[in-house]
Amino acid sequence: VQRFDTADMAVLMKTGSEATTAALRIARRATGRRRVARAGYHGWHDWCLPLDSSVPAGLDTQVLEFNCNDAMSLQALFADHPGEIAAVILAPEMVLPPTPEAFLTLQDMTQRNGAVFILDEVKTAFRTAPGSVQARFGLKPDLTTVSKGLSNGWPIAAVVGRRDVMESAAGMHLSATYHGDTAAMAAALATLRIVEERSVADHVWALGQRLIDGLNAIARDLDVPASSYGEPFPPMPFLRFNHADPETNEVLLTAFYDAMLARGVLLHPRHMWFISHAHQAADIDMTLEHARSAMKEALECCKPSRTRHA
Ligand SMILES: Cc1ncc(COP(=O)(O)O)c(C=O)c1O
């Protein structure tokens, strides 16, 4: 709670999915409304898969999707369902490019329409800034969900938020057997202390940027159709191949990641990576050294058509 200007209270849980689900329930209690709007991945629970045949029918009329990079799509939901939307839940990594203006537009629109603005910082909390994306961009969410970076691998999650919104949950069933697990709470306290004392957010930001810059330089040098970027922040870097021919692209991508693995570097080929505090500049430089030879090797696999960039 001390880490967030916007938070007076917290409820502790075990997973990000639990936290986002709880945040929606709190928002429904706070507003007396039932529908919610979402724009990204928030977990595995039924409401996150509203159209799947494995979940109860009708969820898609309760859980409305919008495109967070097109604020008018959210405005359209509010217009179609006046006074009915309890909450807008938004994961910061979905907003591209992640500018303060883009977030503030969605936040203001949500709050102006009487809905609870939930910032889902399950991925971004603590690694993007000690106070997370909301501190970096001056946002004021009504509720925030956090997990992953909170405890360095121990299972814990939390909903934090303004007292008046959080107190709506008083009397609501929101507990589970292991929510009181003190080992994970101790891990979270230790992690938060270390994040602050050792400026972890600055460290992972700088190393992420070093990796991104290095990979882009290698791709340029070797004329490989690939670009590296933070997805969307440098502590969450990624490398995308963008050869014009999808088949060649797949060959290139697979050859590169296999070659990295053969050199002892495990990079996920289809999901952003995470820089951790344990990484040092030497690890990034070693990764870059291997990336250079892995890219050369990957190029060999698709030589005839490699110059056709997207
Ligand atoms: C933004 C966001 N919200 C919620 C979740 C769900 O968290 P968990 O996998 O701990 O249930 C995730 C997981 O990746 C996430 O990235």
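Calculation over all alpha carbon pairs of the stretch 241-310 in 10 angstrom steps from 0 returns a P(r) of 20, 47, 26, 7, 0 percent. For the stretch 118-219, evaluate the Debye formula with one uniform point scatterer on each Cα (no solvent term) and list log10 I(q)/I(0) at q = 0.18 Å⁻¹, rounded to two decimals. With one equal scatterer per Cα and no solvent, log10 I(q)/I(0) is -0.96.
Cα gyration tensor of the stretch 1-80, axes a ≥ b ≥ c as square roots of the eigenvalues: rounded (a/c below 1.5), prolate (a/b > b/c) or oblate? Intermediate values should be presented prior to the final figure.
Numbers: a/c = 1.81, a/b = 1.30, b/c = 1.39.
Note, shape of the stretch 1-80 comes out oblate.
Close amide H partners of residue 231, meaning residues 5 or more places away or on another chain with modelled amide H under 5 Å apart, are 236, 238. Calculate the length of the line joining the C-alpha centroid of the stretch 200-263 to that of the stretch 154-183, in whole Å. The distance from the Cα centre of the stretch 200-263 to that of the stretch 154-183 comes to 38 Å.
Per the Debye calculation on the stretch 186-271 with a single equal scatterer at every Cα and no solvent contribution, log₁₀ I(q)/I(0) for q = 0.17, 0.24 Å⁻¹ amounts to -0.78, -1.21.
Just need the relative contact order of the stretch 245-301 here, percent rounded to a whole number, with Cα pairs under 8 Å and 6+ apart.
Working: 34 pairs, mean separation 30.6, N = 57.
RCO, the stretch 245-301: 54 percent.
Across the stretch 32-79 the C-alpha pair distances fall into 5 Å bins from zero in the proportions 5, 21, 28, 23, 17, 7, 0 percent. For the stretch 20-125, taking Cα atoms only, Rg and Dmax work out to 12.9, 38 Å respectively. From helices alone, the chain scores -13500 deg cm²/dmol at 222 nm; the rule is -39500 (n - 2.57) for each run of n ≥ 4 DSSP H residues, then divide by the residue total.
Given axes a ≥ b ≥ c from the Cα gyration tensor, I'd like to know whether the stretch 212-251 is rounded (a/c under 1.5), prolate (a/b larger than b/c) or oblate.
Details: a/c = 3.48, a/b = 1.48, b/c = 2.35.
Oblate shape, in that a/c is at least 1.5 and b/c is the bigger or equal ratio.
With a Förster radius of 35 Å applied to the C-beta separation of residue 285 and residue 170, the computed FRET efficiency comes to 0.10. Size descriptor for the chain, Kirkwood hydrodynamic radius: 20.9 Å (Cα pairs only, one decimal).
Sequence-ordered 3J(HN,Hα) estimates for the stretch 59-69 from the Karplus curve with 6.51, -1.76 and 1.60 and θ = phi - 60° stand at 4, 5, 8, 9, 10, 9, 9, 9, 9, 6, 9 Hz, glycine and proline given as x.
A 1.4 Å probe, protein heavy atoms only, puts the accessible area of residue 228 near 10 Å². Distances between placed amide hydrogens fall under 5 Å for residue 157 paired with 13, 14, 15, all partners being 5 or more residues away or on another chain. With the whole protein complex present, residue 286 retains an accessible surface near 80 Å², based on a 1.4 Å probe.
Protein heavy-atom surface of the stretch 205-310, 1.4 angstrom probe: 54% of the accessible area is carbon and sulfur, with nucleic acids and ligands not counted.
Quick one: accessible area per residue over the stretch 164-294, 1.4 Å probe, rounded to a whole number of Å²?
Details: 6500 Å² over 131 residues.
Per-residue value: 50 Å².
Where in the chain are the DSSP H helices whose alpha-carbon span along the long axis reaches 15 Å or more and whose Kyte-Doolittle mean is at least 0.5? Provide the component values of the computation, followed by the final result.
Values: long enough: 16-31 (23 Å, -0.19); 100-112 (17 Å, -0.57); 182-197 (22 Å, 1.01); 200-222 (33 Å, 0.37); 246-262 (24 Å, 0.44); 281-301 (30 Å, -0.15).
Counting only whole DSSP H runs, the qualifying helices are 182-197.
Near the amide H of residue 40, within less than 5 Å, lie the amide hydrogens of 91, all on another chain or at least 5 residues away, with H placed in the peptide plane.
The values are calculated or read from the model by the stated rules, or taken from the named source; none is laboratory data. None of the values given here were measured: they were computed from a predicted structure. Neighbour counts are summed over all protein chains in view; Cβ atoms, including those assigned to glycine, are modelled from backbone coordinates with ideal geometry. These accessible areas exclude ligands, DNA and RNA; they are computed on the full protein's heavy atoms, side chains included. Shrake-Rupley method; radii C 1.70, N 1.55, O 1.52, S 1.80 Å.
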